[in-house]
Amino acid sequence: MEAKRLNESPIHYYVTGNEQGECLMFLHAAFVDHSMFDTQVEYFKDKYKIVTMDLIGHGQSVKTKKGDSIENMADWILQIIEKEQVNKVHLIGISLGSLIIQDFANKFPEKVNSLACFGGYDINNFDLAMQKGNNKEQSLMMLKAIFSIKWFAKSNKKIIAFTERAQEEFYQMNIRFPKKSFMYLASLNKMVNKYKLQTRQYRLLIGCGEHDIPMELEAIDMWHKSESVSKKVVFKGAGHCVNMDVPEEFNEVMKDFFDNCD
């Protein structure tokens, strides 16, 4: 895997796989880094070109300058696509990553081959009451982190992952998350209900784990009902980060999805 940095940005990204294949771009959840997709990279690298990255404030993408914001992620993704000489991408996002790829798809739909969102919600049609509840939960989490990242990570892993293995993997990434990087998550709401939904010219897959929080399960149901042509999947034995809890099942679902995107 080749590590690269996007010029004039804090973003570090990683490229591997088949240069002749279609491009899969994976965006990770909050508090972790690109390595949450190691199992997916290994599974898909022979057929596809794979791009992963550390989102702003995460992993290696922490050397920021004034004006850098999570709202810039869509533009930075476009620059990566252009730098890598890719025409269109299959975008896969977990939690935070699912929100960012939706924002990218809103701005640059012509660059999207498919969209797969897990552990997220429809940013173009997010219920106001649900949004307030989500903001409250995020505030409580941030309060824990102010006192101790390890305390935060210890309680967070039980919300994020269901299996003990995935919980430990998440914890080890989470404890490296810098406290100051919480500020980059504060402007996420600026992406919500900003655009009116247009008819998608690409396939949409949405999903979560059966053990995710009730609000997430409700959000996925609402989204699927509003876009009936979407495909919905709820993974058994999984929590919020489905690709970490049930990697084999996740990979098989994604393989079937990509195979039917032609």
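Enumerate the amide H contacts of Y48 below 5 Å, restricted to partners 5 or more residues apart or on another chain; note that Pro and chain-start residues carry no placed amide H.
Here the answer is N18, since their amide H atoms fall under 5 Å of that of Y48.
Jot down the per residue volume, in cubic angstrom and as a whole number, of the convex hull over the alpha-carbon atoms of the chain.
Per residue, the Cα convex hull of the chain comes to 115 Å³.
For region 210-260, just say rounded, prolate or oblate: build the C-alpha gyration tensor, square-root its eigenvalues into a ≥ b ≥ c, call rounded for a/c under 1.5, and beyond that prolate if a/b exceeds b/c, oblate if not.
oblate
Could you go through region 16-21 in sequence order and give the Karplus-derived ³J(HN,Hα) for each residue, using 6.51 cos²θ - 1.76 cosθ + 1.60 with θ = phi - 60°, rounded to whole Hz, and x for Gly and Pro?
7, x, 8, 5, 8, x
Enumerate by residue number the chymotrypsin sites (Phe, Trp or Tyr not before Pro) in region 185-262 meeting two conditions: DSSP loop (anything except H, G, I, E, B), and at most 16 other Cβ atoms within 10 Å of the site's Cβ.
Passing both the DSSP loop test and the Cβ count: Y195, Y202.
Could you work out which residue, out of L205, L24, L197, moves most in a Gaussian network model of the chain, that is, has the largest mean-square fluctuation with Cα springs under 10 Å?
Comparing L205, L24, L197 in the GNM, the peak value goes to L197.
Bear in mind these aren't lab numbers, they're just calculated from the coordinates by the rules spelled out. Only a predicted model underlies this, so the values are computations on that prediction, with no experimental measurement involved. Cβ coordinates were reconstructed from backbone atoms using ideal geometry, including for glycine residues, and neighbour counts include every protein chain displayed.
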